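Asker: Shown below is the structure under consideration.
The values are calculated or read from the model by the stated rules, or taken from the named source; none is laboratory data. Bear in mind that the values here come from a model prediction, so they are computed numbers and not experimental data. Cβ placement follows ideal geometry from the backbone for every residue including glycine, while neighbour counts extend to all protein chains displayed.
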Amino acid sequence: MSSGPDFEIRHADWLSVADAQRRVLERAAPLPGEWVPLAAAVGRALAQDVSATATLPPWDNAAMDGYAVRGRDVEGASPAAPVTLRVSGIIRAGGRPDLAVQAGQAVRIMTGAPVPRGADTVVRVEDTDAEAEPGLVRVVRDRDVGRHVRPGGQDMKPGDAVLDRGDSIHPGTVGVLAALGHERAFVHRAPTVALLTTGDELRAADRYDDVRQGAGVPESNGPMLAAAVAALGGEPLPSGIVPDDEGALRDAVAATAGADVLVTVGGASMGEADLVKRVLDGEGFKQDFWRVNMRPGSPFSFGWLPRGDTFQPVFGLPGNPASAFVTFELFVRPFLLALAGHRAVHPLRIRGQAAQEFRSGKRTLFVRVTLDTTTMPPGVHGTGPQGSGLVRSLAAAQGLAVVPALANLMPGDDVDVILLDAPAARGQASPLEGTDT
């Protein structure tokens, strides 16, 4: 029989959030590339530079429906002194640029159609009589002289660098790739992420009656983090609930050897049943750091587990749902984006105005907040009680307000907000630079 509690005592690093982010990203190398259809490329990152091989637009083309003319022929046109031109042809979008405009002539033209030789102006149709007399058009305004001709090659020319390796692919990028003649994109492989949630107290949906009876805690972390991994383009590999048993944990850890990343949830502190660190140590785990000067989520850890001739990155997230959510957003998400080849890995942040008091204490505080965009700057409101074990506040959160350590922000004070579910900021430094003490 044990003579006392079996708490684990180990050194805490108490890194600043910015330092922890840097340590996490130092060894994040992009995964190899693969070809995928354009429709499957959204959310992925280009694994090669992309250059133009054609001139786009391929020729000068009309920006308006109207008449292609020589500008000097219609200068001075007005309702009182209209200019009459002979209509010598018509060009529709998709037509060939084989017509020419001579002095005193006009060619009826549609938006996107190639501008005929000799024309430098497209007069919009509403500035004409629309050929009230067949074969002739009267121009009644000259405001379009020299306008509404989109030059060929304005978008790109052969050899132009158009997209860079590491660019994130979104629908607009797909449009560019299609315009460049690509049916597929060469993108970095999506990372696979093993999710290992631990705790005898956890109950999945099929055992929710235990939760109703006060005999268990709902297992929300696994589904939440699987959704987070999938949302950024990764492949989640949930391990299910692993009990607080060293043998079961050891088997579960061994089963995740093929994943690019292992994320453990729970067992991150120093309690008697917090066995994850003990099991990992037995497998040769090399801890990089444990404990970050933040709230919620301070008992976060990061390190490397030997897997044959390589090492698997391992993130240890606290078991409280808000703590798991915040630490995933700040540390795991940027790492996975870096693995997936994205150059921009940190979320966008904005500066808002506190709509209530935010008091941090001795650690940097991350408050789940909503944004009132009817004001400028946006008003920043907490989503309700902020306990790390509470989940309701996560659904409403549009961002994480960053309250530096030892700060007491009052209504009206400036406050930085890390946006959730927003694109990464291209080239942005760590969103926490300068906020930690």
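Asker: Within the stretch 290-316, restricting attention to residues that are of a type in the set (Phe, Trp, Tyr) and within 20 Å of residue 197 (Cα to Cα), which residue is surrounded by the most Cβ atoms within 10 Å (Cβ to Cβ)?
Answerer: Restricting attention to the stretch 290-316, the residues satisfying the condition of being of a type in the set (Phe, Trp, Tyr) are 290, 300, 302, 304, 311, 315.
In the following step, the residues that additionally are within 20 Å of residue 197 (Cα to Cα) were identified as 290, 300, 302, 304, 315.
Numbers: 290: 21, 300: 28, 302: 22, 304: 17, 315: 22.
Once the filter is applied, the top-ranked residue is 300.
Asker: Any residue at all in the stretch 171-183 that's within 23 Å of residue 316 (Cβ to Cβ) and among the acidic types (Asp, Glu)? Don't jump to the end; show me each part of the working.
Answerer: Step one: list which residues in the stretch 171-183 are within 23 Å of residue 316 (Cβ to Cβ), which gives none.
No: the stretch 171-183 contains no residue that is within 23 Å of residue 316 (Cβ to Cβ) and among the acidic types (Asp, Glu).
Asker: Please enumerate the residues belonging to the stretch 26-42 that are outside any strand (DSSP E or B) and out of contact with any His (no Cβ under 9 Å at 6 or more places or on another chain).
Answerer: Of everything in the stretch 26-42, those that are outside any strand (DSSP E or B) and out of contact with any His (no Cβ under 9 Å at 6 or more places or on another chain) turn out to be 26, 27, 28, 29, 39, 40, 41.
Asker: Residues of the stretch 209-231 being among the polar types (S, T, N, Q) and either free of Cβ contacts under 8 Å to residues at least 24 places away in the same chain or not in a loop (DSSP other than H, G, I, E, B) (or both), which ones?
Answerer: 213, 221 - these are the residues of the stretch 209-231 that are among the polar types (S, T, N, Q) and either free of Cβ contacts under 8 Å to residues at least 24 places away in the same chain or not in a loop (DSSP other than H, G, I, E, B) (or both).
Asker: Oh, and also: Looking at (1) assigned to a loop (DSSP other than H, G, I, E, B); (2) crowded, with 23+ Cβ neighbours inside 10 Å, which is the one condition that is false for residue 337?
Answerer: (1)
Asker: How many residues does the stretch 116-152 contain that are surrounded by 15 or more Cβ atoms within 10 Å (Cβ to Cβ) and on the phi < 0 side of the Ramachandran plot?
Answerer: Going through the stretch 116-152 one residue at a time, the tally reaches 21.
Asker: Hey, another quick one. Scan the stretch 364-390 residue by residue and report those that are of a type outside the set (A, V, I, L, M, F, W, C) and within 16 Å of residue 322 (Cα to Cα).
Answerer: Matches in the stretch 364-390: 364, 368, 370, 382, 383, 384, 385, 386, 387, 388, 389.
Asker: Of all residues in the stretch 232-254, how many are touching a residue at least 40 places away in the same chain (Cβ under 8 Å) and either out of contact with any Asp or Glu (no Cβ under 7 Å at 6 or more places or on another chain) or not assigned by TED's automatic domain parsing to the domain that holds residue 312 (or both)? First the steps, then the outcome.
Answerer: From the stretch 232-254, those touching a residue at least 40 places away in the same chain (Cβ under 8 Å) are 232-244, 249, 252-253; that's our starting set.
Still in the list and also either out of contact with any Asp or Glu (no Cβ under 7 Å at 6 or more places or on another chain) or not assigned by TED's automatic domain parsing to the domain that holds residue 312 (or both): 232-240, 242, 249, 252.
Here the count works out to 12.
Asker: Tell me, which helices (runs of 4 or more DSSP H) wholly within the stretch 232-334 include 2 or more residues that are within 24 Å of residue 18 (Cβ to Cβ)?
Answerer: 321-327
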